1. Within the range 1-25, how many residues are part of a helix (DSSP H, G or I) and either among the aliphatic types (A, V, I, L, M) or under 20 Å from the mean Cα position of the chain (by Cα) (or both)?
2. Those residues that are within 16 Å of the chain's Cα centre (by Cα) and either without any contact (Cβ under 8 Å) to a residue 60 or more places away in the chain or open to solvent by less than 60 Å² (accessible area, probe 1.4 Å) (or both), I need them from the range 79-122; list them, please.
3. Condition first: in contact with a Gly (Cβ under 7 Å, 6 or more places away or on another chain), open to solvent by less than 30 Å² (accessible area, probe 1.4 Å) and either without any contact (Cβ under 8 Å) to a residue 60 or more places away in the chain or part of a helix (DSSP H, G or I) (or both). Now tell me which residues in the range 296-312 satisfy that.
4. Could you run through the range 173-193 and say how many residues are open to solvent by 30 Å² or more (accessible area, probe 1.4 Å) and either more than 23 Å from the chain's Cα centre (by Cα) or more than 21 Å from Asp291 (Cβ to Cβ) (or both)?
5. Hey, could you check the range 34-53 for residues that are of a type in the set (Ser, Thr, Tyr) and under 11 Å from Leu245 (Cβ atoms) and say which is surrounded by the most Cβ atoms within 10 Å (Cβ to Cβ)?
6. Please go through the range 194-218 and give me each residue that is open to solvent by 50 Å² or more (accessible area, probe 1.4 Å), over 21 Å from the mean Cα position of the chain (by Cα) and among the small types (Gly, Ala, Ser), ordered by number.
7. Hey, any hits in the range 175-194 for a residue that's modelled with pLDDT of 95 or more, hydrophobic (A, V, I, L, M, F, W, C) and part of a strand (DSSP E or B)?
8. Among the residues of the range 219-262, which ones are surrounded by fewer than 17 Cβ atoms within 10 Å (Cβ to Cβ), touching a residue at least 60 places away in the same chain (Cβ under 8 Å) and in a strand (DSSP E or B)?
Amino acid sequence: MKICEYRLIDIGDVPAMVGLLACRQNLESKVFPFLKNSCLNTKYITDLLENIFVNSKAIGIGAFSNDELVGYILGKVKIDNGRGRHIWVPYEGVAIRKDQPSELIRNLYATVSLWWLEEGCFSHYALIPLGNQVYYEAFLQLSFFIQQVHGILNIEDYKPFKNVSDPDIRIANKKDSEAMGRMSNIICSYQNSAPVFEPALPEVVVKIKEGYKKIAEDDEAMIIIAEKDMKEIGFQVYEPITSDLMTPDDGIELSIAGTYPSQMRSGVGKKLMNEGSRIMEEKGYNNIIIDWRIANLASSTFWPKCGFSPIAYRMVRFIDSNFAWANFNNPSIKKL
């Protein structure tokens, strides 16, 4: 790898970034043809990258060879109750020229991570494309781990499950608000158990319940409910999407789904998937997108069985915050 100069990038570097990202996405679309969509054009990508610089606190590093940009990593400084202060590298936040090795990504991260730590961001999240394994391999070798899987199913390729259970499946309406509220704990209680161990913060659990109840009143959401003996036992929620670099033009999102633990392995989820895919196909959709926590054993087993294929990973690295003082720039270390 040629020696590169690494320096901070800003909105003035967007034209060069656009070229790298468009090239990356053209390669991605050879593996995932549905990514050759209406968003894969210079204007969309330019607006997308400029928006990051204008509307968020973004810190990025570019690698320059003979003053030409050959790679970049761009992260947003974000703060929320769940993740705290952290860096978010969006799907469009990393790209290298196709003739560059994965080592360039590692060097870019080594440089930009110091700036991120200066901002007090010790948690780093990144959406990593999977069409070209160079990105995944680089982040894996930077001690990032897979947290979330983003997948897609071409409905035409879906093979309906056979020998499924026989619950009644129906489309929900606004009167199902309470039923959705009752089922709101299905996912978060499973995420709270081994081996995910996601904390179940009381205020978050309450917020999720209220959110589920409101979904039933959302005219854009399509909810299908599985019932047995007049009681709900599982559900799926489908919501329309606006296509972007990571999603197809003709897709819909299976945003949440769940089955009561007592009904799992009985075929309820399979029956819901059979009906959901049929309904979405009748509505004219060609693809269903979904994401799941990789440590959730039920999700990471079931969704691939349905035919969902990973197109991106959300990868994470947590750096020990003690580094803020326990480093060799601290004068006290030099006195030891």
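The values are calculated or read from the model by the stated rules, or taken from the named source; none is laboratory data. All values reported here derive from a predicted model rather than from experimental measurement. FYI the Cβ positions are ideal-geometry reconstructions off the backbone, even for glycines, and counts take in every protein chain you see. Areas reflect the complete protein model, heavy atoms only, side chains present, ligands, DNA and RNA absent. Shrake-Rupley method; radii C 1.70, N 1.55, O 1.52, S 1.80 Å.
1. Our first condition is that a residue be part of a helix (DSSP H, G or I); within the range 1-25, this holds for 11-25.
Narrowing further to those that are either among the aliphatic types (A, V, I, L, M) or under 20 Å from the mean Cα position of the chain (by Cα) (or both): 11, 14, 16-18, 20-22, 24-25.
Residues flagged as part of a helix (DSSP H, G or I) and either among the aliphatic types (A, V, I, L, M) or under 20 Å from the mean Cα position of the chain (by Cα) (or both) within the range 1-25 amount to 10.
2. Answer for the range 79-122, where residues must be within 16 Å of the chain's Cα centre (by Cα) and either without any contact (Cβ under 8 Å) to a residue 60 or more places away in the chain or open to solvent by less than 60 Å² (accessible area, probe 1.4 Å) (or both): Arg83, His86, Ile87, Trp88, Val89, Pro90, Tyr91, Glu92, Gly93, Val94.
3. Going residue by residue through the range 296-312, those that are in contact with a Gly (Cβ under 7 Å, 6 or more places away or on another chain) are 302-303, 308-311.
Still in the running and open to solvent by less than 30 Å² (accessible area, probe 1.4 Å): 303, 308, 311.
Correct list: Trp303 only.
4. Matching residues across the range 173-193 total 5.
5. Of everything passing the filter in the range 34-53, Tyr44 is surrounded by the most Cβ atoms within 10 Å (Cβ to Cβ).
6. Passing the criteria: only Ala194.
7. no
8. Glu227, Lys228
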